[in-house]
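Undergrad: Have a look at this one before I ask anything.
Since every read-out is calculated from the coordinates, none of them should be taken as a lab result. Quick caveat, the model's predicted, so the values are computed rather than measured. So basically every Cβ, Gly included, is an ideal-geometry build from the backbone, and we count neighbours across all protein chains shown.
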Amino acid sequence: MSYTLFLTGLSGSGKSTIADEIIKKYDLVLIDGDVLRMGLCDDLGFSLNDRKENMRRLKHLCKMFNDNGKNVITTFISPIENERIKNKDFINNCYIIQIKCDLETCEKRDVKGLYKKARLGIIKEFTGIDSPYEEPINPDLILDTKNDNLETCVIQLEKFINKI
């Protein structure tokens, strides 16, 4: 039975870094939030309605892959708890994986300079700065990238996958 691993966390928390390591070891389709926004969702901004639409499109994409026997891992900020729950309820065997990292650490890791632009007002509605991030209430797994190194987080995710 196919599954979807839904990695959620702030920009710079380590979602893509962890996913890049996991896909080396497992047969997973990677759906990256940044990549999806450059293509299928390039008509969307970051308003609440656009974020909901982004998640709606993602859940249908994941379900299509799952229905065709493919396992999926996604890397999305997905700041709205209700939207994550809708995705989990819609997709069979969908697991919410919280990539936990505080804002200060994420800002220090900001290789794209997005937080700096948000703080200067160049980027509006940036999650964690002027748009909220609702932490998952009951995630299936929490990976703490502030306190654990990449290898530890990957091992924890591998153990989780092996139990699915």
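Undergrad: Can you tell me which residues in segment 128-152 are over 19 Å from I22 (Cα atoms) and among the acidic types (D, E)?
TA: Matches in segment 128-152: D130, E134, E135.
Undergrad: Kindly indicate the residue of segment 13-33 that is among the acidic types (D, E) and more than 18 Å from N87 (Cα to Cα) and also surrounded by the most Cβ atoms within 10 Å (Cβ to Cβ) among those meeting that condition.
TA: By that ranking, first place goes to E21.
Undergrad: Which residues, taken from segment 124-148, are surrounded by fewer than 16 Cβ atoms within 10 Å (Cβ to Cβ), farther than 13 Å from S13 by Cβ and without any contact (Cβ under 8 Å) to a residue 60 or more places away in the chain?
TA: If the condition is that a residue be surrounded by fewer than 16 Cβ atoms within 10 Å (Cβ to Cβ), farther than 13 Å from S13 by Cβ and without any contact (Cβ under 8 Å) to a residue 60 or more places away in the chain, then D130, P132, E134, I137, N138, D140 are the ones that fit.
Undergrad: Among the listed residues E83, E104, E158, E151, identify the single one that is free of Cβ contacts under 8 Å to residues at least 24 places away in the same chain, closer than 30 Å to M1 by Cβ and not hydroxyl-bearing (S, T, Y). Show your work before the answer.
TA: Details: E83 fails: free of Cβ contacts under 8 Å to residues at least 24 places away in the same chain; E104 fails: closer than 30 Å to M1 by Cβ; E158 fails: free of Cβ contacts under 8 Å to residues at least 24 places away in the same chain.
After applying the criteria, what remains is E151.
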